[in-house]
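A.B. asks: One structure, pasted below without further comment.
The values are calculated or read from the model by the stated rules, or taken from the named source; none is laboratory data. The shown structure was predicted, so the numbers you read here are calculated from the model rather than taken from an experiment. Cβ placement follows ideal geometry from the backbone for every residue including glycine, while neighbour counts extend to all protein chains displayed.
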Ligand SMILES: Cc1ncc(COP(=O)(O)O)c(C=O)c1O
């Protein structure tokens, strides 16, 4: 089976983990701090706060802003349920919005319609690694005094106007789960330029514990609600080795995507998302399958040992988040999207096999 997504870990990660084992303390320790430093350098940002997964990065980011019951956060419906769960975990309401049909990124005009006096934040999702229109979002931040919390789970390594995603906005949250552009096994991070806010994040990620500099280890004070969201030294060890490989991972992902674009651009039954592969570090490759053929293609590929995925079931259609209104572009996309294999363990033969099978499916269908 050619997997749709897969991590790419090797000897270097094992060596780092061995060192973490030998150190013997597996909680927040020196490799977490090294990982945060390496991430800061890579992104060119002031603060990186590592946590145990991307969902908790989003939750922590909002909690530390005081977002909670009575507040609203606008989120594109076409995202992993983690984005929605992170909002509702604060007690705030995730307000579903639509996406542009050609990129599946947050539709700014639709966002504008959904801003109310209760809106505290907008959560753009850099779907598939493609950056959202941050200029327009940051203008809304200034105009309405609301925060932009980027769900950048897909977008480590992507650039926007020559700057890495994470380094140009307000607050960005990354995921390093097992299939992301880099993996820590499990992990996440909140990125921000505001150092005071980063301090709040650091205290909250370890149960609200604050220690006085120079004091005894057992001495601490707690003055607010916190969470047990810190990253372990083992996960950070994996991330450190992965971060060194990120540029080569991005190159390989782009190479595969360019091959796909070349192969599929002239198939009338397939739509491709508008993407600039000179800027984007692609996380998933999503095609739009026209004429109601998506499920047929999915089964055909499964029969040929090619796994596919569906990113994602729109959240406003889940009973828990039912919006009571429809989102036309999102719903149309839901009928057509198909995620085909993209990861660094794919061989050239795997890529060719995916291409040939998809071409075979459409051959003769006009
Ligand atoms: C768009 C998006 N947001 C958030 C998350 C949550 O990240 P994690 O799995 O690390 O909790 C994911 C992970 O799949 C994601 O794809």
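A.B. asks: For residue 25, state whether it is more than 16 Å from the ligand (Cβ to nearest atom), in contact with a strand residue (DSSP E or B) (Cβ under 9 Å, 6 or more places away or on another chain) and assigned by TED's automatic domain parsing to the domain that holds residue 206. Walk me through how you get there before you give the answer.
C.D. replies: Working: more than 16 Å from the ligand (Cβ to nearest atom): yes; in contact with a strand residue (DSSP E or B) (Cβ under 9 Å, 6 or more places away or on another chain): no; assigned by TED's automatic domain parsing to the domain that holds residue 206: yes.
When the stated conditions are applied, residue 25 does not pass them.
A.B. asks: Assess whether residue 38 counts as being away from the ligand (no atom under 16 Å from the Cβ), in the same structural domain as residue 186 (by TED's automatic domain parsing) and farther than 30 Å from residue 162 by Cα. Can you show your working first?
C.D. replies: Numbers: away from the ligand (no atom under 16 Å from the Cβ): yes; in the same structural domain as residue 186 (by TED's automatic domain parsing): yes; farther than 30 Å from residue 162 by Cα: no.
So residue 38 fails the test.
A.B. asks: Next up: Return the residue satisfying two criteria in turn: it lies in the range 276-294 and is touching a helix residue (DSSP H, G or I) at 6+ places or on another chain (Cβ under 6 Å) and in a loop (DSSP other than H, G, I, E, B), and of such residues it is surrounded by the fewest Cβ atoms within 10 Å (Cβ to Cβ).
C.D. replies: Residue satisfying both the conditions and the ranking: 277.
A.B. asks: Taking the condition free of Cβ contacts under 8 Å to residues at least 60 places away in the same chain, closer than 18 Å to residue 173 by Cα and under 21 Å from the mean Cα position of the chain (by Cα), does residue 32 pass? So that I can check it myself, show each step before the final result.
C.D. replies: Details: free of Cβ contacts under 8 Å to residues at least 60 places away in the same chain: no; closer than 18 Å to residue 173 by Cα: yes; under 21 Å from the mean Cα position of the chain (by Cα): yes.
For residue 32, the condition - free of Cβ contacts under 8 Å to residues at least 60 places away in the same chain, closer than 18 Å to residue 173 by Cα and under 21 Å from the mean Cα position of the chain (by Cα) - is not met.
A.B. asks: For the range 37-59, name all the residues that are over 28 Å from residue 103 (Cβ atoms) and in contact with a helix residue (DSSP H, G or I) (Cβ under 8 Å, 6 or more places away or on another chain).
C.D. replies: First pass over the range 37-59, keeping only residues over 28 Å from residue 103 (Cβ atoms): 37-38, 40-41, 46-47, 49-52.
Scanning the range 37-59 gives 38, 46, 47, 49, 50, 51, 52.
A.B. asks: More than 16 Å from the ligand (Cβ to nearest atom), without any contact (Cβ under 8 Å) to a residue 40 or more places away in the chain and in contact with a strand residue (DSSP E or B) (Cβ under 9 Å, 6 or more places away or on another chain), is that true of residue 146? Please lay out each step first, then the result.
C.D. replies: Details: more than 16 Å from the ligand (Cβ to nearest atom): yes; without any contact (Cβ under 8 Å) to a residue 40 or more places away in the chain: yes; in contact with a strand residue (DSSP E or B) (Cβ under 9 Å, 6 or more places away or on another chain): yes.
Against the criterion (more than 16 Å from the ligand (Cβ to nearest atom), without any contact (Cβ under 8 Å) to a residue 40 or more places away in the chain and in contact with a strand residue (DSSP E or B) (Cβ under 9 Å, 6 or more places away or on another chain)), residue 146 qualifies.
A.B. asks: Give the residue that is farthest from the ligand (Cβ to nearest atom), with candidates limited to residues of the range 265-275 that are in contact (Cβ under 8 Å) with a residue 24 or more places away in the chain and not in a loop (DSSP other than H, G, I, E, B). Even if it seems obvious, please write down each step before you answer.
C.D. replies: Here is the first cut: in the range 265-275, the residues in contact (Cβ under 8 Å) with a residue 24 or more places away in the chain are 267-271, 273-275.
Narrowing further to those that are not in a loop (DSSP other than H, G, I, E, B): 270-271.
Details: 270: 23, 271: 21 Å.
In this case the residue turns out to be 270.
A.B. asks: Just one of the numbered conditions (1) in contact (Cβ under 8 Å) with a residue 12 or more places away in the chain; (2) over 12 Å from the mean Cα position of the chain (by Cα) is not true of residue 174; which one?
C.D. replies: Going through the list (1) in contact (Cβ under 8 Å) with a residue 12 or more places away in the chain; (2) over 12 Å from the mean Cα position of the chain (by Cα), residue 174 breaks only (2).
Yes or no, residue by residue, for (1) surrounded by fewer than 24 Cβ atoms within 10 Å (Cβ to Cβ); (2) closer than 23 Å to residue 9 by Cβ:
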site: 141; (1), (2): yes, no
site: 150; (1), (2): no, no
site: 183; (1), (2): yes, yes
site: 193; (1), (2): yes, no
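A.B. asks: Sticking with this structure for a sec: Before we move on, is residue 301 touching a helix residue (DSSP H, G or I) at 6+ places or on another chain (Cβ under 9 Å), assigned to a strand (DSSP E or B) and surrounded by 19 or more Cβ atoms within 10 Å (Cβ to Cβ)? First the steps, then the outcome.
C.D. replies: Numbers: touching a helix residue (DSSP H, G or I) at 6+ places or on another chain (Cβ under 9 Å): yes; assigned to a strand (DSSP E or B): no; surrounded by 19 or more Cβ atoms within 10 Å (Cβ to Cβ): yes.
Taking the combined requirement at face value, the residue does not satisfy it.
A.B. asks: Go through (1) at pLDDT below 95; (2) in a helix (DSSP H, G or I) for residue 238 and report which single condition fails.
C.D. replies: In the conditions (1) at pLDDT below 95; (2) in a helix (DSSP H, G or I), residue 238 misses (1) alone.
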